[in-house]
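Okay, structure first, notes after.
Please treat every number below as a calculation from the coordinates, not as lab data. As the structure is a prediction and not an experimental result, all values here were calculated from the model. For neighbour counting, all protein chains shown are included, and Cβ atoms are generated from backbone atoms with ideal geometry for every residue, glycine included.
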Amino acid sequence: MSDTISAGNDTTSPKDRTVLRTQDLSKSFGAIEAVKDVSLDIRKGEILAIAGDNGAGKSTFVKMLSGILTPTAGQIYVRENGVDQPRHFTSSKDAEKAGIATVYQGQHLTPTNTVATNIFLGYEPLKTGLRGSLFREIDEERMIKESNQLLHEIGFDFDPRSLVSELSGGQQQAVAVARALIRDPPIVILDEPTSEVSTTGTDKIIDLVRKIPQDGKAGILISHKIDIVVDVADRIAVMRDGELVEVLDSRTNVDRMDIVSRMHKEREV
């Protein structure tokens, strides 16, 4: 469980800490209902894990939050100046503008480019003066410096001038997380962040995930690894067959087998 204000030291109500929520969010592909009427809130200063078996709908749900998929029905609300504002995302850029950064499974990095280039991809800073304003020259020194600082802050120490293809799986995942964090988003989604990482790298990535809510960010963790979910998350939203089964508070004694049972329990007739 993350050691954050959500662990009991903050007297702010859950409603006041909510930065993102969904109301009856649904997604259908033809006759197939992938996500059905999911209402869920995400709060600053905590990690919310979404657990479920393959086909549970967790990835589809997250793709709607990140702008990859458009909901068939329901609504996404983002807290702005203390008010829940309805948002309609038609692309990942829309979600990013609303403060939602997503680290996708598979990382989506460019292996032939440097670490710094990947971290700043699409947001490259320009040099000052005419070299930047007129000739649009990229400030590579700044990219390297800030990439190095950010990697250090999240617990990794490798040269941002290295090619991504030269890195281990854990290091590549750190680059993907750094790219999401470079714009200081209030909400960070991590989709199976340990799926392509070695055992040693997994420990580093788990430590990284724990750090995300420490400055008030909201983290959403998607994982099928129950041990990681229980150890890292403050709350666990269990999904099954496209529906939200229950939201568990992992600050209480959450039984791993109980979560598995909820993920697989046959629907009552």
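Here are some notes:
- Bridgeable aspartates and glutamates around Lys93 (alpha carbons under 19 Å apart, same-chain partners fewer than 8 residues away excluded): Glu80, Glu124, Asp184, Asp191.
- Label positions at Arg256 and Ala31, each projected 7 Å from the Cα along the C-beta direction, are separated by 4.0 nm.
- Within straight-line cross-link reach of Lys204, lysines at Cα separation under 16 Å, skipping those fewer than 8 residues along the same chain: Lys225
- Assigned charges on the beta-carbon of Lys, Arg, Asp, Glu; the chain dipole about Cα centre (debye): 580
- Dipole of the chain [Lys/Arg +1, Asp/Glu -1 at C-beta], most positive-end residue of Leu20, Gly242, Leu190: Leu20
- When the charge dipole of the chain is built from unit charges on Cβ atoms (+1 for Lys and Arg, -1 for Asp and Glu) and taken about the Cα centre, the candidate among Thr202, Ile222, Gln149 whose Cα reaches farthest toward its positive end is Gln149.
- For the stretch 197-260, dividing the convex hull volume of the Cα atoms by the residue count gives 105 Å³ per residue.
- DSSP-loop trypsin sites (Lys or Arg not before Pro) across the stretch 103-178, with at most 14 other Cβ within 10 angstrom: Arg136, Arg161
- Estimated at 0.36 nm per residue, the fully extended path between Arg131 and Ile68 surpasses their Cα-Cα distance by 19.1 nm.
- P(r) tail, the chain: Cα-Cα pairs separated by more than 26 Å, 43% of all pairs.
- Sites excluded, GluC sites (Glu not before Pro) in DSSP loops with at most 16 other C-beta within 10 Å, longest stretch of the chain: 1-136
- Candidates Phe89, Ala49, His264 compared by Cα position along the dipole of the chain: farthest toward the positive end lies Phe89, with charges placed on Cβ.
- log₁₀ of I(q)/I(0) at q = 0.12, 0.13, 0.14 Å⁻¹ - the stretch 104-183, Debye sum with one point per alpha carbon: -0.32, -0.38, -0.43
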